[in-house]
Each structure stands twice: as structure tokens, then as C-alpha cells.
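Here the structure comes first, spelled out in C-alpha cells, and everything after it is commentary.
Every read-out reported here was derived from the displayed coordinates using simple, explicitly stated rules and does not represent laboratory data. Note that the structure is a prediction, hence the values are computed from the model and not measured. Cβ coordinates were reconstructed from backbone atoms using ideal geometry, including for glycine residues, and neighbour counts include every protein chain displayed.
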Amino acid sequence: MEDDKLILAIESSCDETAAAVVKNGREVLSNVISSQIELHKLYGGVVPEIASRKHIEKINQVVEEALEEANLTLDDMDAIGVTYGPGLVGALLVGVAEAKAIAYAAKKPLIGVHHIEGHISANYIENKELEPPFICLVVSGGHTHLVRVAEYGVYEILGRTRDDAAGEAFDKVARAIGLGYPGGPKIDKLAKEGNEKAITFPKAKVAGSPYDFSFSGLKSAVLNYINSCHMKGETVNEADIAASFQKAVIDVLVEHAMMAVKDFGNDKLAIAGGVASNSALRAAMQKACDENGIKFYYPSPIYCTDNAAMIGVAAYYESLKGVSHGWDLNAVPNLKLGER
């Protein structure tokens, strides 16, 4: 145990209050998540002010639970890791303030972690053999990034969405067909009952930027299709819409990911983020990887959603490089990947 490095990690960037204890960057000793989904369902999406207040209520509780579940104390920790961006500024501030207070009181190093770096790092938890370099597709409610992971903590963003993130498009389409929030899992479930070839929706390409994504046009096409059906008095088949929309998103994600892996001479592809738990995306990506001789990695669904275990993993690899932050660490809602 003397050579082991233990990280207490905190995540509060959106609507999950989470804390975890991670050992040596690959072993999760505890992972406690307090979700606010049921609360935000009432409003059809995350309300930032409500999220912040709920984080304040839950943060101490989840930290205590994480330590208790790991059967360890603050004295056993080697560092405190925390998400400091990107995300909702009020929500981030709660986690950052908690981490700073704990680190100061316990005299432990403080390590700020980029939220997307955390999602990428979630792949290391269950895939012990995975090491950089590899390509990672990060798909969530707020982000769609195609990233080249050159080495631990070193990233090159190859492509990103120019407008809506994939998860955001899922939520908006789900709302339009009456499924409610959160949209991703509900579209995934309903699509299994529909015909993905029933409706041809557009797949946008960004001129001059082959790795970039755009989902706003697709979302608008779905809304226009629904409105057209209503105006003509035609029946709207929600399952066919869900399946066809989902296929349009997944086809683009798979196509861009395969292109990046081939162009950069890699034989390893990982996916991360909330949308990475979508069953159709996993199946399509697995099929494409098998056909092209590419090793495919993905986290379990619990590590796809926002969680603190992934932040602990990222903090561990940052600590190996000697990265730590001072008491002036602040929330940075628009933090870019690779910034310090």
C-alpha cells in the first residue's frame, strides 16, 4: 500500500453530485453518484440554479459516503481531484469550493481536472491494457469531440460540433416527439421498435473540416418532418422517427471516427460520454471496428454518465506529471481541452 496513490475525486459540473476514491488510476474503490434527473424532469432539462442548490445539499454527503465505501479516511488520500470546467458555473463552483476546503484542511495537493479529460480517462478503468496513443470520440449532452490522445494528459482535438452536441440533439428530438427528459435513453429504447430506413434525414458535412460535426440541421429536419405530418393530417410514427434520427446521428459519428483512426495510423478507438452508452452506437461502432481491424474500447454505462471515478483517474495521471493547483483554482465554465 505504501507505493499506492489514492485520489479522492469530486464531480459537480452539471446535475450529478459525485465523489469517488481511485487507486493508482485504474482501480475504483468507491463511486458515489447523487443524480438530479427526477428533479429536472419537471422542467424538461437541467435548470442551472436548481442544480447548484442541490449540489450544495449533497456534496458533503457523497464525499463522506465515498470515503466510507472505500473504508478509508482523508488521511489516507494522496491528493484531491476535482472538475473545474467546462460545465455550469454555479455547479462547478460547489465542487471546486468543496475540494479546496478539503485539500486545505487535510494538507493534500489539489488537482483540477478537465471534464472531457475525465470522460476520456473513464476508458482506463475497465480496459487495463488501454494506453495512448488512441483516438477517442467524446459524445455527451454538451460535447461532441473527436480527440487524438497522444499520451496521458496530452490531447489534440481533431473535430468538434459546430452547433448542437449529439446528446443535445437527442434531448431536443425526444422532447419534440413527446418522450420527455432525458432524451438519449428514451430515443435508444423507442428506436428498437422503429424502422431506421423509414425516413431519410440529412447528414451534415462541414466544408474544409472533415472531422467536425453539425447536428442542428438534422434536428431542424426532424422538427420540420413532424410539423409537415401534422399539417397534412398524417400519422406521426414516433418509433420510426426515433430510429431514423438515431441512425443519421450514428452514421456520422462512426464515419468520422473511422476516418480519424485510419488517417492517424491508429488501431485503437475509444468512445466516452453519456451518449457512449447508446446501444445502437456501440453496436455500429463495434461492427465498423471489426471490419477495419480496429480495437474498440468503451466504459460501462455507469462510467459514461458524469461520475467522479473518471475524474480520479484523470487526476492520477496529472499527478504523475507533477500537476497541482493553488488555492486560487476557480471554475472555468468554457474551459478548453488541453488548457491549464
**Complete:** For the chain, longest principal axis from Cα atoms; helix 48-70 axis from its Cα atoms; angle between them, nearest 10 degrees, is 50
**Prompt:** Along the stretch 220-225, what does the Karplus equation 6.51 cos²θ - 1.76 cosθ + 1.60 (θ = phi - 60°) give for ³J(HN,Hα), rounded to whole Hz, x for Gly and Pro?
**Reply:** 5, 5, 5, 4, 5, 4
**Message:** Test of the criteria: in the stretch 29-62, which GluC sites (Glu not before Pro) are in a DSSP loop and have at most 12 other Cβ atoms within 10 angstrom of their Cβ?
**Reply:** none
**Request:** At a Cα cut-off below 26 Å, give the lysines reachable from LYS186, other chains included and same-chain residues fewer than 8 away excluded.
**Result:** LYS41, LYS54, LYS172, LYS197, LYS203, LYS219, LYS247, LYS287
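Can you give the Rg/Rh ratio of the stretch 131-298, where Rg is from the C-alpha atoms and Rh is the Kirkwood radius? Intermediate values should be presented prior to the final figure.
Numbers: Rg = 16.1 Å, Rh = 16.2 Å.
Expressed as Rg/Rh, it is 0.99.
Quick one: order THR161, THR200 by neighbouring beta-carbon count within 10 Å, fewest to most.
On the way: THR161 22, THR200 10.
The most exposed by this proxy come first: THR200, THR161.
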**Prompt:** By what distance, in whole Å, do the Cα atoms of the stretch 69-186 stretch along each of the three principal axes, largest value first?
**Reply:** 51, 34, 27
**Request:** Taking only Cα atoms and a 10 Å spring cutoff, compute GNM fluctuations for the chain and point out the largest among ALA221, ALA270, ALA79.
**Result:** ALA221
**Message:** I'd like the GluC sites (Glu not before Pro) in the stretch 181-259 restricted to DSSP loop residues with at most 14 other Cβ atoms within 10 Å, sorted by number.
**Reply:** GLU193, GLU234
**Listed residues HIS119, ILE102, GLY85: farthest to the positive end of the dipole of the stretch 82-133 (Cβ charges)** = ILE102
**Complete:** Among ASN330, PRO301, SER279, the residue whose Cα sits farthest towards the positive end of the charge dipole of the stretch 277-340 (+1 at Cβ of Lys and Arg, -1 at Cβ of Asp and Glu, taken about the Cα centre) is SER279
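If contacts are Cα pairs under 8 angstrom and at least 6 residues apart, what is the relative contact order of the chain in percent?
25
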**Message:** Given the options HIS256, ALA176, GLY217, identify the residue whose Cα lies farthest towards the positive end of the charge dipole of the stretch 131-298 (+1 on Cβ of Lys, Arg; -1 on Cβ of Asp, Glu).
**Reply:** ALA176
